[in-house]
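First comes the structure, then the notes that go with it.
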Amino acid sequence: MNPKKILIIGAAGQIGSELTLKLRGKYGNENVIASDIKEGGPELMESGPFEIADAKDRENINRLVNHYEITDVYLMAAFLSATAEKVPMKAWELNMDSLFIVLDLAKDKKIEKVFWPSSIAVFGPSTPKEATPQTTVMEPTTVYGISKQTGERWCEYYFRKYGVDVRSLRYPGIISYKTLPGGGTTDYAVEIFHEALKTGTYISFLKEDTALPMMFMDDAIKATIDIMEAPGERIKVRSSYNLSAMSFTPKELAAEIKKELPRFEISYKPDFRQEIADSWPGSIDDSIAREEWYWEHEYDLPKLTKAMLQGLKVES
Ligand code: NAD
C-alpha cells in the first residue's frame, strides 16, 4: 500500500478546516493537501500545502491527485441546506458533480479511499421523527436532502459495482467555535453562543420547541477519522451511516447557556429555515454505527455548552 497522502476538497469550511488540522497532526503536515475555492484561516494556510481548486473542475482535481500521489480524498465541498434552497440548480450541480469526479477517481484506481459526508437532511416529513432508524422511509423535501440521498445511492452503487472503498456519515448539525458554519439550518446552535457572549441575547430563527440532532465538532472529526481507519470488512453500510450524539431544542440550549451566563435571554423569530427543520428527524438511532465500527460520542449538551463558551472566550 502507498503511504497515505490525503486531499481535502472544501478544506476551508466549518468541518474541513478542523479536519485538515487533525489529519495533519496525525499523518504529517506535508501529507495532507487542503483545497478550496477560497483561502482558509491562518492556521490552515500556514500548516501545510494548500491549493485553490474548484470541486467541479474534473481536470484540475485529477491533476492534483496525480501531482501529489493522493491515496485518500475527503470531499467536504457542498452547498448546505439553507443556501441550497436559494440556488437549487447550482447546489445540485456542485453536490453531484464533485461526488462523481471523486468516485470516478476511485473507480479508475487513481485513489484508494473516499470520504463523503451525507446528512440528516436525507430524511423527510414522512420519516419516523424520533429515533429515526438507519433504514426507513426517505422522502427529502429540500434540494440539499435530495442531493445527499442521491449521493448515498451512488456511493453504494460504486461500491457494489466497482468495489470503490467509499465511506460516509449522515452528520447531524455540527457545532464548533473555530470556523463559522456555512449556511445550514442548524447554524442557530453556533450563532447563539457568539451572541450570548457578545450581547447577552439571541433571536432564534427556529421555534423554541424544534428538536434537532446535534454534535460537537470534536466528535464529528473523531467519527470521520474512525470510519476511515476502520478495517474495510467492518463497514457494511456503503450508502451512509446514521450518526448521533445529542438532540435538543433552542429552549433547552438556551437553558443550558443560562446556567453558565445567568443574564442570557433568548427570543424567537422563525424564518424559512423552520420549514426545513420541521421536515427533519428530532433524534437519530445510530446503533448500527456503534455496533459495526464501535462509534462512541464524548460530548453531551452540558459538556458541549461549556466547551463552546470556553473556546469562544479564549478566542476573543
Ligand atoms: P461549509 O459550507 O462550512 O464548507 C464548505 C466549503 O466548501 C467552503 O469552504 C467552500 O468555500 C467550499 N466550496 C464551495 N464551493 C466549492 C467548489 N466549487 N469547489 C471547492 N470548494 C468549494 O460546509 P461544512 O459545514 O464544512 O460541511 C462540509 C460537508 O459536511 C458538506 O458536504 C455538508 O453537506 C456536510 N454536512 C455538514 C453539516 C454541518 O452541520 N456543518 C451537517 C451535515 C452535513
Practice task
Grab the beta carbon distance between Y294 and T199, set R0 = 30 Å, and tell me the FRET efficiency rounded to 0.05.
Solution key: 0.10
Practice task
Could you tell me how many degrees, from 0 to 90 and to the nearest 10, lie between the Cα long axis of helix 250-260 and the main elongation axis, the longest principal axis, of the Cα atoms of the chain?
Solution key: 70 degrees
Handout entry: Along the chain, longest interval not containing exposed GluC sites (Glu not before Pro), exposed being DSSP loop plus at most 13 other Cβ atoms within 10 Å
Key = 131-295
Problem - Potential extension, K306-E191 segment - 0.36 nm per residue separation minus Cα distance - result: 39.9 nm
Completion exercise
Listed by chain and number, the aspartates and glutamates with an alpha carbon less than 14 angstrom from that of K38, same-chain partners under 8 positions apart left out, are E51, D54
Fill in the blank from the handout: With Cα coordinates, the longest principal axis of the chain makes an angle with the long axis of helix 217-229, in degrees rounded to 10, of 30 degrees
Completion exercise
So, relative contact order of the chain in percent, Cα under 8 Å, 6 or more apart, is 18 percent
Fill in the blank from the handout: In nanometres, the difference between 0.36 nm per residue of separation and the alpha-carbon distance of T150 and E260 is 35.4 nm
Handout entry: Estimated FRET transfer efficiency when R0 is 22 angstrom, pair S287-A230 (beta carbons, to 0.05)
Key = 0.85
Practice task
Could you let me know the centre-to-centre spacing of region 38-97 and region 226-301, using Cα atoms, in angstrom?
Solution key: 25 Å
Fill in the blank from the handout: In nm, the gap between the two label points placed 7 Å beyond Cα toward Cβ at E315 and E139 is 4.0 nm
Fill in the blank from the handout: For region 1-158, shape from the Cα gyration tensor axes a ≥ b ≥ c, cut at a/c of 1.5 then a/b versus b/c, turns out prolate
Handout entry: Reachable aspartates and glutamates, given that their alpha-carbon falls under 12 Å from the alpha-carbon of K129 and they are not under 8 places away in the same chain
Key = D278, D285
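No lab work stands behind these numbers, since they all come straight from the coordinates. Here the structure is a predicted model, which is why all the values come from computation and not from measurement. All Cβ positions, glycine included, derive from the backbone under ideal geometry; neighbour counts span all protein chains shown.
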